[in-house]
Structures are given as structure tokens and as C-alpha cells.
Amino acid sequence: MKHLYLLLLITTLTITTNADECIRIESCPLENSKNHTDHRPYPYDCHKFYKCNYGCGYLFECPYAELNPAIHLVFNPEKEVCDWPSNVPGQCSGTPPVTYPPQPPVTYPPQPPVTYPPQPPVTYPPQPPVTYPPQPPVTYPPQPPVTYPPQPPVTYPPQPPVTYPPYPGSILTRCPDVGRRYIAHESNCHYYYECNNADKKLRVCHENLIFNPYVEACDYPTFIRCITTGNLPG
């Protein structure tokens, strides 16, 4: 449980000190491991350590114990984690600290710029134009005209004359002074007049219907012949 608690402290409570400053550490590998992060002790304070990154060391400080803030955790160089002071004897008890000789800064010789020889332009030989042999025109043999046999004329049997049933009563030929009535048109049986207290308005029947003055409504031509006020039956 102590080790698990220490790992949680490392990931959540570590205090950063000069974390942006790269210090060349001889023991830090120049290439980072894919499986773990290398840590190195700080020689002047047992509570601090270096986190390695490509040969550089970045200074960090161990936190205080979350369950007991009076205890300042100590870096354990064997496990490379912050640990309880009791697990790292001698680190903070007056033992002379580990000292390393100062390292000169890493300098790299200036690199000349990379130059490439000029490349000649790519040229392609000219291609002759594509020519196709002339094609003869397409000819079709003449087609004989289409002839149809003569058709006999269509004859229809004679139709008996249309007879309409007689309508009793008289036909209104003008608008009355009072009331609403409907009367025939003067010359077109598809039209009629709507009378409302002697006020006459022109109306039209729906398609294929004609005005029936006997019933004062539009009707089918099979039931009534075309009647207008200009050809009233005698």
C-alpha cells in the first residue's frame, strides 16, 4: 500500500522546480525509454530529483505526504520514486551528499546548410500527332416505302333521335321582384342567371352540363335539351 500511495503521489502531487531548465546529467540516457522514465537524485537536496529527458535533467521536488503533511517525502535513488524517509535511511541524516563534477554545456558544431545540385529540367521528345485513316461514309440500302392495305370506311348504325321527357309547368323568363330564382340565358344554355330580388347575376354550369329551366339547376344533356329564352318551346 505504501508503494501504491507513493506512485499516486508522484503522478498527482509532485512540485515542479525549474522544470523548464535543461541541466546536462551524465547519467541520463540520450534516448528516452519507451517503457519507463529515468530519474536521478539531486546532489544538494534529498527531497529533489532530476527527471531525465534526452540527456537533460529537469529538477522536481517531492511533495509532502497527503495523509501527514508534516512528513516531506524523500527521493529514493534505488526505486527512482519519492518515498517515506524511513525507507531511505541516510539520505537526509547528515550524510555527505553525492557530488558530481560540473558538466560543461553541450555544444554542437555549426552545420553547413544542405545544398543540392541544380537539376536540369525534364524534357520529353516531341510526340507525332495521332492520325487516323479516313473512314468511308456509312451508306444504307434504300428502303421500300411502307404501304398499308386500304381500309374500308367505318360505318355506324343509325341512331334513333333523342327524345326528352316532357316537363310540366311553365318556364320563368325574367327575374321576379322578390325572392331568389334562376332563369335561362338568352342564347347559351351553358349559362344562366341568378335572380335575387330582381338583381340578375350571370352564372355558368360545370363542364358537360347545361341549364335546365324547369328545375332551375344545371343538368345532364341526356335529360334536357338546350333551352334559352330565345328558343322557348311553343
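The values are calculated or read from the model by the stated rules, or taken from the named source; none is laboratory data. Everything numeric here is computed off the predicted structure, so don't read it as measured data. Quick reminder, even Gly has a Cβ in these numbers, built from the backbone with ideal geometry, and neighbours come from all protein chains shown. Quick note on the areas: whole protein, heavy atoms, side chains included, nothing else; ligands and nucleic acids left out. Shrake-Rupley method; radii C 1.70, N 1.55, O 1.52, S 1.80 Å.
Quick notes
- You will find that of Tyr108, Tyr116, Tyr100, the residue that is at pLDDT 90 or above and assigned to a loop (DSSP other than H, G, I, E, B) is Tyr116 and no other.
- Of the numbered criteria (1) over 53 Å from the mean Cα position of the chain (by Cα); (2) part of a loop (DSSP other than H, G, I, E, B); (3) loosely packed, with under 10 Cβ neighbours inside 10 Å, the one Ser86 fails is (2).
- Selection from the stretch 70-80 of residues that are surrounded by fewer than 20 Cβ atoms within 10 Å (Cβ to Cβ) and either within 55 Å of the chain's Cα centre (by Cα) or in a strand (DSSP E or B) (or both): His72, Lys79, Glu80
- Restricting attention to the stretch 205-222 and to residues that are open to solvent by less than 90 Å² (accessible area, probe 1.4 Å) and of a type in the set (Val, Ile, Thr), the residue that is modelled with the highest pLDDT turns out to be Ile210.
- Qualifying residue in the stretch 171-191 (condition: part of a loop (DSSP other than H, G, I, E, B), open to solvent by 100 Å² or more (accessible area, probe 1.4 Å) and of a type in the set (S, T, N, Q)): no
- Pairs are defined by a Cβ separation below 8 Å, a sequence spacing of at least 6 or placement on different chains, a first member in the stretch 55-66 that is more than 15 Å from Cys82 (Cα to Cα), and a second member that is polar (S, T, N, Q) and not in a strand (DSSP E or B); the pairs so defined are Tyr58/Asn18.
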